[in-house]
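K.L.:
This is the structure I have questions about; it appears just below.
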Amino acid sequence: MLNDERSHGLWEKTAPPAPATQKLRGDISVDVAVIGAGFTGLSAALHLAETGTTVAVLDAVEIGYGGSGRNVGLVNAGMWVMPNDLPEVLGQVHGERLLELLGNAPQSVFNLVDKHKIACELERNGTLHCAVGKSGVKQLEQRAAQWQARGAAVRLLGAEETAQKVGSKAYAASLLDNRAGTIQPLAYVRGLATAAIGAGVAVYTGTPVTSTTRSGDRWIVNTPNGTVSAEWVVVATNAYTTSPWPELRAEILHLPYFNFATTPLPEEVRNTVLPERQGGWDTKDILSSFRMDQRGRLVFGSVGALRGTGMAVHKAWAARSIRKLFPQIKDVTFEAGWYGQIGMTNDNLPRFHTLAPKIISFSGYNGRGIAPGTVFGRVLAEHIVGKLSDADLPLPVTKPKEEGLRTLREGYYEVGAQLAHFVGNRV
């Protein structure tokens, strides 16, 4: 997108075309204006339209331009926070409510894919969280026990079974989450847009929001070439938020994350690397993630930005790491490399905000945007049409709170990841 192959990489090369859209020109009136054409915004728009609500979606660039079109494509259940810790952080009511919602979130994604026949390379065989060392095993043992106590379809695998499913002997154990899976994320978000348009939603791209003003009991959403009058406004821009809601960006730390995709692997090798097509990641602080696409490309990623010296450093590290993890891959040749920004919060949990009367937002997915973004979009729709009151929401209503030393800390993440991978190249 925008003539930058590092923005969406393999996903842009292999996704079905986006539905035709245009810039907003002139003045329109709808029930709900949605800002951001990603997982959350398009899910909210689609679910609203299915109730007969009129909706306009505005995106400053393109469908899936932000994190929704750039990520690894792991459809995970839950968040990074341990299940038993959620009630302690959010309180018993919201903690258990959020656990139930996010535990079932991958199935909500699968249901939408099935219902709307979205071609997005869906694999439903689960994900593998892979343990590095004794501390990694202990972490997965705790996570497995806590999810199993809640009846979740997760299973702790030993080293031998992990090696069979990953195709590598690098890991001491793994947690197989049968609720989860993988998708081609840009294809999925474009499919959501197609379904939303089919349900009557108007989607405008290349249409940044410059400001909002109050007019009676409605909001006027201003753009360079037109306006949208709406009773409700949904702000679904997460890590790619700009004005007129800088407070959302201020509470989020940007964590850069990159992916490299190999050329399609030979069939004999393809049958040994993630043979059941689970996606995986490890327990390291600077983690690695890996998955296969339907053409047999290995998609391998980690923390870091592909700009400046980072491009060469991270590319060399990725090639070296793949050869070490999967020695059966003799020739590591990359077809694409891309990166984006993950929106991180200080407790690794998302936020629900009322920014003004009837202007609402979810943000802060902490690298888990696909399933949570999809179900939070549905929650926003249900809230707007009156099915869910503030008291029924899965998160408490809070005000954005600026993160201290944000710019410094974001620079530390980028430079620190590059340094770690540079040192790794020397080992």
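The values are calculated or read from the model by the stated rules, or taken from the named source; none is laboratory data. Here the structure is a predicted model, which is why all the values come from computation and not from measurement. No Cβ is skipped: glycine too gets one built from the backbone with ideal geometry, and neighbour counts run over all protein chains shown. Please note that ligands, DNA and RNA were not included when accessible areas were found on the heavy atoms of the full protein model with its side chains. Shrake-Rupley method; radii C 1.70, N 1.55, O 1.52, S 1.80 Å.
K.L.:
Can you tell me which of Ala261, Ala305 is among the aliphatic types (A, V, I, L, M), in contact with a helix residue (DSSP H, G or I) (Cβ under 8 Å, 6 or more places away or on another chain), open to solvent by less than 10 Å² (accessible area, probe 1.4 Å) and in a loop (DSSP other than H, G, I, E, B)?
P.N.:
Every option except Ala305 fails the conditions.
K.L.:
Kindly indicate which of Arg190, Arg218, Arg249 is in contact with a strand residue (DSSP E or B) (Cβ under 8 Å, 6 or more places away or on another chain) and among the basic types (Lys, Arg).
P.N.:
Going through Arg190, Arg218, Arg249 in turn, the sole match is Arg218.
K.L.:
Let me ask something else about it. Cβ contacts < 9 Å: first residue crowded, with 20+ Cβ neighbours inside 10 Å, restricted to region 3-15; second residue in a loop (DSSP other than H, G, I, E, B) and β-branched (Val, Ile, Thr), any location; separation 6+ or different chain. Result?
P.N.:
Close Cβ pairs satisfying both conditions: none exist.
K.L.:
Exactly one of these conditions fails for Tyr188: (1) within 21 Å of the chain's Cα centre (by Cα); (2) closer than 16 Å to Ala77 by Cα; (3) not aliphatic (A, V, I, L, M). Give me its number.
P.N.:
Result: Tyr188 passes all but (2).
K.L.:
When the residues of region 146-164 are filtered to those that are surrounded by 14 or more Cβ atoms within 10 Å (Cβ to Cβ) and small (Gly, Ala, Ser), which remaining residue is farthest from Pro83 (Cα to Cα)?
P.N.:
Ala163
K.L.:
Determine whether region 97-118 contains at least one residue that is of a type in the set (Lys, Arg), over 30 Å from Gly296 (Cβ atoms), surrounded by 14 or more Cβ atoms within 10 Å (Cβ to Cβ) and out of contact with any strand residue (DSSP E or B) (no Cβ under 8 Å at 6 or more places or on another chain).
P.N.:
yes
K.L.:
Of the residues that sit in region 16-50 and are out of contact with any Asp or Glu (no Cβ under 9 Å at 6 or more places or on another chain) and assigned to a loop (DSSP other than H, G, I, E, B), which one is least open to solvent (accessible area, probe 1.4 Å)?
P.N.:
For region 16-50, the residue satisfying everything is Leu24.
K.L.:
Only residues in region 74-86 that are open to solvent by 10 Å² or more (accessible area, probe 1.4 Å) count as the first member; pair them with residues that are of a type in the set (Phe, Trp, Tyr) and not in a helix (DSSP H, G or I), Cβ under 8 angstrom, at least 6 apart or cross-chain, and list the lot.
P.N.:
Pairs that qualify, where the first residue is open to solvent by 10 Å² or more (accessible area, probe 1.4 Å) and the partner is of a type in the set (Phe, Trp, Tyr) and not in a helix (DSSP H, G or I), are Leu74/Trp281.
K.L.:
Of Thr182, Thr210, which residue is at pLDDT 95 or above, of a type outside the set (A, V, I, L, M, F, W, C) and touching an Asp or Glu at 6+ places or on another chain (Cβ under 8 Å)?
P.N.:
Sole residue among the options that is at pLDDT 95 or above, of a type outside the set (A, V, I, L, M, F, W, C) and touching an Asp or Glu at 6+ places or on another chain (Cβ under 8 Å): Thr182.
K.L.:
Given the conditions (1) in contact (Cβ under 8 Å) with a residue 40 or more places away in the chain; (2) open to solvent by 10 Å² or more (accessible area, probe 1.4 Å); (3) within 30 Å of Lys134 (Cβ to Cβ), and given that Asp285 satisfies all but one, which numbered condition is not satisfied?
P.N.:
Just one mismatch for Asp285, condition (1).
K.L.:
Of all residues in region 205-228 being over 22 Å from the mean Cα position of the chain (by Cα) and open to solvent by less than 20 Å² (accessible area, probe 1.4 Å), which is farthest from Gly41 (Cα to Cα)?
P.N.:
Here the residue is Gly226.
K.L.:
How do the strands (runs of 3 or more DSSP E) wholly within region 328-427 filter down when requiring 2 or more residues that are open to solvent by 10 Å² or more (accessible area, probe 1.4 Å) and farther than 24 Å from Thr242 by Cβ: which remain?
P.N.:
Passing ranges, in order: 334-344.
K.L.:
Still on this model: In the set Trp317, Trp338, which member is in contact with a strand residue (DSSP E or B) (Cβ under 8 Å, 6 or more places away or on another chain), over 23 Å from Ser68 (Cβ atoms) and of a type outside the set (Asp, Glu)?
P.N.:
Result of the check over Trp317, Trp338: Trp317.
K.L.:
Would you be able to tell me the number of residues in region 49-72 that are in contact (Cβ under 8 Å) with a residue 40 or more places away in the chain and either over 20 Å from the mean Cα position of the chain (by Cα) or farther than 30 Å from Leu24 by Cα (or both)?
P.N.:
8
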